[in-house]
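Structure first, commentary second.
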Amino acid sequence: MTEETALYRYFDAEGRLLYVGISIMPTTRQQQHKSKATWYPEFTTQTVEKYPSRSAAMAAERAAIKAEKPIHNIAHLRELKRLETEESREGKKVSTGRGSGLSVHSSDPVRNGRLGALKMHAEGKTNTAPARAAFLARFEREVDPDGTLPPEERARRAEYARREYFLRLIMHRHHGRKSS
């Protein structure tokens, strides 16, 4: 038997993605976050997508975390620990402690690559700044295509354009679910 599973996203007032998760009971899970998550007071908006099975929701969750990079999501750390445990059980040497460098002796290059990528993300060693800067520059070009505004005013307007973009995205997702 497969249970319908929800993929939920929590956003703050400015449209920043705080957390992505899955649950068969999203309302109950929200109450758990409310009582335990340090980031919960920042939460203002939620989107929910339904999937026919837990495995489908898990795949969507992994893809969302990878692509959208929620601020407070630690699922990638759990995945790293799971892979370390699997490697240890198989009798393979795994050293992924902080500062020790990645030393994996395994014949599985895919697993080695996943471990390396997860470790880099866990330690904040990925360089996504150029992509983020290009994305944000889009809003500055949108509000000041000729480049005539003072930098402070351009930045202020771009911030509002960015907020509008994310709010429209949330509203579009919400509207799409209501009509189906």
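The values are calculated or read from the model by the stated rules, or taken from the named source; none is laboratory data. This one's a predicted model, so the numbers in the text were calculated from it and none came from an experiment. Here the Cβ is made from the backbone with ideal geometry for all residues, glycine too, and neighbour counts use every protein chain on show.
Does residue 70 satisfy being out of contact with any Gly (no Cβ under 6 Å at 6 or more places or on another chain), at negative phi and at pLDDT 85 or above?
Here the answer is yes, as residue 70 does meet what is asked.
Quick check on my filter: what residues within segment 1-39 are under 19 Å from residue 167 (Cα atoms) and of a type outside the set (Gly, Ala, Ser)?
Kept after step one, since they are under 19 Å from residue 167 (Cα atoms), are these residues of segment 1-39: 7-20.
Those that are under 19 Å from residue 167 (Cα atoms) and of a type outside the set (Gly, Ala, Ser): 7, 8, 9, 10, 11, 12, 14, 16, 17, 18, 19, 20.
Out of 28, 38, I need the residue that is assigned to a helix (DSSP H, G or I) and over 16 Å from the mean Cα position of the chain (by Cα). Which one?
28
Got a number for residues in segment 134-151 being in a helix (DSSP H, G or I) and either surrounded by 10 or more Cβ atoms within 10 Å (Cβ to Cβ) or of a type in the set (D, E, K, R) (or both)? Break it down stepwise before answering.
Initial filter on segment 134-151 (in a helix (DSSP H, G or I)): 134-143, 151.
Checking the rest, the ones that are also either surrounded by 10 or more Cβ atoms within 10 Å (Cβ to Cβ) or of a type in the set (D, E, K, R) (or both) come to 135-143, 151.
Of the residues in that region, 10 qualify.
For residues in segment 15-25 being assigned to a strand (DSSP E or B) and out of contact with any Asp or Glu (no Cβ under 9 Å at 6 or more places or on another chain), which is surrounded by the most Cβ atoms within 10 Å (Cβ to Cβ)?
So in segment 15-25, the residues assigned to a strand (DSSP E or B) come out as 17-23.
Still in the list and also out of contact with any Asp or Glu (no Cβ under 9 Å at 6 or more places or on another chain): 19, 23.
Details: 19: 22, 23: 18.
Among residues in segment 15-25 that are assigned to a strand (DSSP E or B) and out of contact with any Asp or Glu (no Cβ under 9 Å at 6 or more places or on another chain), the one surrounded by the most Cβ atoms within 10 Å (Cβ to Cβ) is 19.
Go through (1) at pLDDT below 80; (2) surrounded by 14 or more Cβ atoms within 10 Å (Cβ to Cβ); (3) assigned to a helix (DSSP H, G or I) and name the single condition residue 154 misses.
It is condition (1) that residue 154 fails.
Can you tell me which condition residue 160 does not meet? The list is (1) within 21 Å of residue 12 (Cβ to Cβ); (2) among the hydroxyl-bearing types (Ser, Thr, Tyr); (3) modelled with pLDDT under 70, and all the others hold.
(3) is the only condition that residue 160 fails.
Give the residue that is nearest to residue 162 (Cα to Cα), with candidates limited to residues of segment 95-123 that are modelled with pLDDT of 70 or more and in a loop (DSSP other than H, G, I, E, B). I'd like the intermediate steps shown before the answer.
Taking segment 95-123 and keeping what is modelled with pLDDT of 70 or more, we get 108-123.
If we keep only those that are in a loop (DSSP other than H, G, I, E, B) too, we end up with 108, 123.
Working: 108: 42, 123: 28 Å.
Ranking the qualifying residues of segment 95-123, first place goes to 123.
Can residue 6 be described as in contact with an Asp or Glu (Cβ under 9 Å, 6 or more places away or on another chain) and surrounded by fewer than 20 Cβ atoms within 10 Å (Cβ to Cβ)?
Here the answer is yes, as residue 6 does meet what is asked.
If you go through segment 53-72, how many residues are surrounded by fewer than 15 Cβ atoms within 10 Å (Cβ to Cβ) and either in a helix (DSSP H, G or I) or touching a Pro at 6+ places or on another chain (Cβ under 9 Å) (or both)?
Qualifying residue count for the region: 6.
Just to be sure before I move on: is residue 65 outside the structural domain of residue 160 (by TED's automatic domain parsing), in contact with a helix residue (DSSP H, G or I) (Cβ under 6 Å, 6 or more places away or on another chain) and modelled with pLDDT of 90 or more in the structure I sent?
When the stated conditions are applied, residue 65 does not pass them.
Can you tell me which residues in segment 35-52 are of a type outside the set (Phe, Trp, Tyr), modelled with pLDDT under 90 and surrounded by fewer than 16 Cβ atoms within 10 Å (Cβ to Cβ)?
Within segment 35-52, 35, 36, 38 meet the criteria.
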